[in-house]
1. List the residues, sorted by chain then number, that are 5 or more residues from ARG348 or on another chain and whose placed amide H is less than 5 Å from its amide H.
2. Using the alpha-carbon atoms, what tilt in degrees (0 to 90, nearest 10) does helix 195-206 show relative to the longest principal axis of the chain?
3. Note down the accessible area of ARG288, probe 1.4 Å, to the nearest 10 Å².
4. Quick check for you: with a 1.4 Å probe and neighbouring chains kept, what is the accessible area per residue of the chain, in Å²?
5. Search the structure for amide H atoms under 5 Å from the amide H of SER459, placed 1.01 Å from N in the peptide plane, and list their residues when 5 or more places away or on another chain.
6. With a 1.4 Å probe and all protein chains kept in place, how do SER459, SER140 rank by accessible area, largest first?
7. Could you work out the relative contact order of segment 418-514, using alpha carbon pairs under 8 angstrom and six or more residues apart, expressed as a whole percent?
8. At a 1.4 Å probe radius, carbon and sulfur cover how many percent of the accessible area of the chain?
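The values are calculated or read from the model by the stated rules, or taken from the named source; none is laboratory data. It should be emphasised that the depicted structure is a prediction, and the values quoted were computed from it without experimental measurement. For neighbour counting, all protein chains shown are included, and Cβ atoms are generated from backbone atoms with ideal geometry for every residue, glycine included. Ligands, DNA and RNA are stripped out before the accessible areas are found, and what is left, the full protein with its side chains, is counted by its heavy atoms. Shrake-Rupley method; radii C 1.70, N 1.55, O 1.52, S 1.80 Å.
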Amino acid sequence: MSLLEVKDITFSYADKKIYLEASMRLFAGEHAVLVGPNGCGKSTLLKMLDKSLKPDSGSIDWLPHVKVGYLDQYAKIDPSLKVKRYLYDVFLPFFEKEDEMNRLYNEVAIAPIAEQDRLLKWASDLQEQLLDSNFYAIKSLVGNIIHGLGLTMDVLEQTIDTLSGGMRAKIILGKLLLEENDVLLLDEPTNFLDVKHIEWLTKFLNGYDKAFIVVSHHEGLLKDIAKTVFAVETAKITRYKGDFDYYLGERDQRLAIQQKAFDNQQNYIKKTEDFIKKNIVRASTTKRAQSRRKMLAKIERIHEPHKSKTYHFKFPFTVPTGKKVLVTNELEIGYSDPLLEPLSLVIRKEEKVAITGRNGVGKSTFIKSVLEKIPTLGGSFHWIDTAQISYFAQDMIYDTDITAFQVIHGEYPGFTKKEVMSLLAAHGINYDMATRKMKSLSGGEQTKVRLAILKHQKSNVLILDEPTNHLDQAAKDALMDALIEYPGTMILVSHEVDFYKEICDYEISLFEVE
């Protein structure tokens, strides 16, 4: 049974067609992934399926009464809310009932004998209500999801504004998994997840008896969960009924066939145009030339297959530093209370160091603390006087009307238009993307714009906090090469083990206060 029918949708940003009369169907229980390069429209499609964005034309029809859950990691949440209230607000009355039951049982021990029977009956009635509502299965599911995503139950008592970016993303994902949806639309669910938590999510999704569509640049996840692949190709959506490896094989064959057809058609068009040019002005052949011109105008043009973009990331180096670049002494970081045991460490000249630890432990907080973006709680730190730092912050999203061109020009006002465009092009941002509003760009495209800013910032210390989030594989590979080539000191926060192990000399693992 088809839960969803997308028919002939067209959608454009400025003059660029993202979708052109594209169609797809999703069936009940289907486990699907949506793939394509950065900027092809994957997140845009999910927003249209969620009805938070409308196509320019065409239709998107869900089966009546289908409940759709959409993962939006940038959703606006009341920062004063307790995690408990946000995460399972639909279950909150049950948890409050459990608290009341426990309070009553505790009161029995100190209540007068005459009151004990009444309190016991009251508590027992509440317990029966909880049993009848299957509350303990719900409570077990809540615990399973919280622990599976690498959080602990005490996070329930925190407020949203105290959470790290990674913890907040996990809470949004956790709420979605708790809800009883018929379809899940998950956009980059592995951002901020460590390896074991990705393994847990994989197991959860494979055991999910409803339908889902997942967008991810984590190829391992795609290979493990896909039973159907929807590929965004030349403004259309192509369905591959098989797993991810099947898709890769079929795609390569299709691309080879399409490339050959494209090349043959281009040769035919060139020969025909040459004939028309030579013969259109000769009286004896002008009719034949006109006939071929009409025939050429009616040909349905074959699109050239999409080619992977090439990227030219670079982080320019200035003068070397002395030996001890960063020294911390009993440094305490956090907000109202310390997140970690006091940190005493030394990072030396030309060392490339990965800062690791579970999500929410304080990796980004450590970076912000030593960069004096937030105050420390105790101890001290010292940068060598010759340190010149370039910093890439974690998942800073531009939700503004300024364009990518304006972002770069604002950083480098002395650059000509040609220099700005050349810089963006080296980072995979073409003219169309450069002139669109930043808020209309995908997460991967925004990341590339932010990396472009660093291209002309000379440094001898490079600090990057989760730079691979949203990037496609080609961009990740180019970024890795650029970081390996960088001759200065580097501090890298990344949840992608394979990425940082190729770059870094060693890792500093952070552990929270017991």
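1. Placed amide hydrogens put VAL325 under 5 Å from ARG348.
2. Value to nearest ten degrees: 80.
3. Solvent-accessible area, nearest 10 Å²: 130 Å².
4. Working: 25470 Å² over 514 residues.
Computed with neighbouring chains in place, this is 50 Å² per residue.
5. So SER459 has HN proximity to PHE317, THR318.
6. Values: SER459 0, SER140 75 Å².
Sorted descending by solvent-accessible area, the residues read SER140, SER459.
7. Relative CO of segment 418-514 lands at 24 percent.
8. Reported share for carbon and sulfur atoms: 52 percent.
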